[in-house]
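Okay, handing you the structure first.
The values are calculated or read from the model by the stated rules, or taken from the named source; none is laboratory data. Computed from a predicted model, the values in this text were never measured in an experiment. Don't worry about glycine lacking a Cβ; one is built from the backbone with ideal geometry, like all the others, and counts go over all protein chains shown. Note: accessible area is taken over every heavy atom of the protein model, side chains too, but ligands, DNA and RNA are not part of it. Shrake-Rupley method; radii C 1.70, N 1.55, O 1.52, S 1.80 Å.
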Amino acid sequence: MKCDVCESEATVFLTQIINGQMTTVNLCDACSQAKGVTDEMGFGLAEAFLNQPTPTNDVTEGVCEACGFTAAQLKKIGRMGCPECYSAFRDGLDGLLKAMHKGTRHVGKTPSKITQSRHVQGNINHLREELANAVRDERYEDAARLKNEIDRMLNPTPDAV
Amino acid sequence: MLFKTLINHPADWMQGSGPHSEIVMTSRVRLARNLRGFPFPGYSQEHQRLELVQLARPCVDALPEMKDGYSEDYAKLSKTRKQVMVERHLVSREHAARANGCAVAVDRKQNLSIMINEEDHFRIQGIRPGLNLRSAWQLVDKVDTELEGALPYAYDEKLGYLTACPTNLGTGMRASVMLHLPALALTDQINPVIKAVGKIGLAVRGLYGEGTEALGNLFQISNQHTLGEKEGEIISQIEKVIERVINSETNARQKLVEDNPNMLQDQVGRAYAILRHAHILASKEALNLLSLLRLGADLDLISNCDRSLLDMLLLEIQPAHLQLRAGKDLSPEERDLRRAEITRTRLHSLAGPSNVSNNQPPPEAPTSDLPDE
Ligand SMILES: [Zn+2]
Ligand SMILES: [Zn+2]
């Protein structure tokens, strides 16, 4: 398989879903490094950003009050400045996450300091709200996904891990 | 523990064998974790990184897993030493490229490493021999829970563990398996397999690729998604895929033995002869020949060959390992000489390949490695 950028033999093969479409990218080692695709890292944030239409102006104008990181910097480097940035740039994040991940909500390990019940209950209430909205807007695919998530939380399958 | 002591010992995963270790070299799981109140390393001032190291290192060093381990500040580490740790998969290339305000800790057996101020404040990595993601996960999960008790993690109920790059959000977990797939490569079946794996949302890369091919027939498969799935689900999905790849490789090996014994024996024999007698050995050539020799050992063409000898040699001939041993920087030409020398020495007592026909058929029937389903 050839590299999508140059003609060298590809050594890195990535598939991701962007805006509901599956994209396969084959890269050679040199190009994968140039594009910042590294051994330990997930792929495509920069690409996803480039391919995303900027939804509103505030995404390029906002600033994180905790660290001073700006939306323009975020767009440019594809990484956040500090943990608080996720609140500062929350708008438009969901679309981005949908393109990158299986879901937009964390369902994995929870720090034990956060009481489990509050966490789950809060999540379920929030999910139910989102489910109602999805049904109202006739977004049935989202609704099905949310329903699955709720079911999963109410009946947690014991993890083999 | 001294750096020298650490590196003079083979890592646990090089010696031990795990499930499917004739095809799966290692299973690794790493977690990305960050602290509240500190900017991510990529957007921080040096004094902030130093402050974080000062806060975090005592907690990391106090972990029971790190007892008698190795821990060092990057300001005190030479480029070669950092590179040696990269070659041992203990730290990432990106982390090794950094200097002030970074630190690393490695447990005594090199099963566990913690990078401080990589792309995230913490990268906690567990590495096990063979197909053993679950045991690697259990290790990092435990260490993570211990650290969480001592340090204020950045965590969000909806987004999970907050990471510098949104591609790591949620579990912050990257699970990866390193596979040795010589028979699929020899029979030109590697690309369809890679394509199929890519289609299900996993990333595949050659381990030592330098622009042309996957050197040494070593491939790494890892998850791309970290948000919206549980750690156990992500691991199960990778395991399922890996078991299918193992099956393909096993079948390809069987087919080579049955349909192409002359070619197989020729390849293994040449690899053995060159490695035993060469005086100039480039890195690329060595990796590819060692791959064939390993295949020969797996198929019992080379008898009494300890696989860990080859795995250890694979590391010893890497550039930084050679330089560390020499105690100085080496030019590529000097490295090729020393690489050949150390290879000849290590393989000195290894007997040559026997005839395929004189041997028992390979132990595994094509389907014997099928997972119970
Ligand atoms: Zn390229
Ligand atoms: Zn911020």
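For B:Ala282, indicate whether it is open to solvent by 20 Å² or more (accessible area, probe 1.4 Å) and either under 24 Å from the mean Cα position of the chain (by Cα) or of a type in the set (S, T, N, Q) (or both).
Values: open to solvent by 20 Å² or more (accessible area, probe 1.4 Å): yes; either under 24 Å from the mean Cα position of the chain (by Cα) or of a type in the set (S, T, N, Q) (or both): yes.
The answer is yes for B:Ala282.
Oh, and also: Please indicate, with yes or no, whether at least one residue in the stretch B:187-196 is crowded, with 24+ Cβ neighbours inside 10 Å, at pLDDT below 95 and more than 8 Å from chain A (Cβ to nearest Cβ).
The initial filter retains those residues of the stretch B:187-196 that are crowded, with 24+ Cβ neighbours inside 10 Å, namely B:190, B:194.
Now narrow it down to the ones that are at pLDDT below 95: B:190, B:194.
The next check asks that each one be more than 8 Å from chain A (Cβ to nearest Cβ); those that pass are B:190.
Yes, some residue in the stretch B:187-196 is crowded, with 24+ Cβ neighbours inside 10 Å, at pLDDT below 95 and more than 8 Å from chain A (Cβ to nearest Cβ).
So in the stretch A:76-94, with the set limited to residues that are under 12 Å from B:Pro166 (Cα atoms) and in a helix (DSSP H, G or I), which one is nearest to ligand 2 (Cβ to nearest atom)?
Only one residue tops the list, namely A:Cys85.
Ok, one more. Report the residue count in the stretch A:59-73 for those that are assigned to a helix (DSSP H, G or I) and touching a residue at least 24 places away in the same chain (Cβ under 8 Å). Spell out the reasoning first.
Going residue by residue through the stretch A:59-73, those that are assigned to a helix (DSSP H, G or I) are A:59-61, A:71-73.
Filter again for touching a residue at least 24 places away in the same chain (Cβ under 8 Å), leaving A:59.
Residues in the stretch A:59-73 being assigned to a helix (DSSP H, G or I) and touching a residue at least 24 places away in the same chain (Cβ under 8 Å): 1 in total.
So which of A:Phe49, A:Phe13, A:Phe69 is at the interface with another protein chain (Cβ under 10 Å from one of its Cβ atoms), more than 16 Å from ligand 1 (Cβ to nearest atom) and either at pLDDT 85 or above or over 19 Å from B:Thr163 (Cβ atoms) (or both)?
Working: A:Phe49 fails: either at pLDDT 85 or above or over 19 Å from B:Thr163 (Cβ atoms) (or both); A:Phe13 fails: more than 16 Å from ligand 1 (Cβ to nearest atom).
Exactly one residue qualifies, and that residue is A:Phe69.
Checking B:Glu51 against (1) in a helix (DSSP H, G or I); (2) under 24 Å from the mean Cα position of the chain (by Cα); (3) of a type in the set (D, E, K, R), only one condition comes out false. Which one?
Failing condition for B:Glu51: (2).
For the stretch B:31-43, name all the residues that are assigned to a loop (DSSP other than H, G, I, E, B), touching a residue at least 24 places away in the same chain (Cβ under 8 Å) and open to solvent by less than 70 Å² (accessible area, probe 1.4 Å). Even if it seems obvious, please write down each step before you answer.
Initially, the stretch B:31-43 is screened for residues assigned to a loop (DSSP other than H, G, I, E, B), giving B:34, B:36-40.
In the following step, the residues that additionally are touching a residue at least 24 places away in the same chain (Cβ under 8 Å) were identified as B:34, B:36-38, B:40.
The answer is B:Asn34, B:Phe38, B:Phe40.
Please state which one of B:Thr187, B:Thr171 is more than 24 Å from the chain's Cα centre (by Cα) and polar (S, T, N, Q).
Unique residue meeting the criteria: B:Thr187.
Conditions (1) within 10 Å of chain A (Cβ to nearest Cβ); (2) under 22 Å from the mean Cα position of the chain (by Cα), marked per residue:
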position: B:Asn132; (1), (2): no, yes
position: B:Gly149; (1), (2): yes, no
position: B:Tyr153; (1), (2): yes, no
position: B:Thr163; (1), (2): yes, no
position: B:Gly206; (1), (2): yes, yes
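Right, another one. Please list, ordered by residue number, the helices (runs of 4 or more DSSP H) wholly in the stretch B:266-326 having 1 or more residues that are free of Cβ contacts under 8 Å to residues at least 12 places away in the same chain. Show your work before the answer.
On the way: elements: B:283-298, B:307-316, B:319-326.
Those helices (runs of 4 or more DSSP H) span B:283-298.
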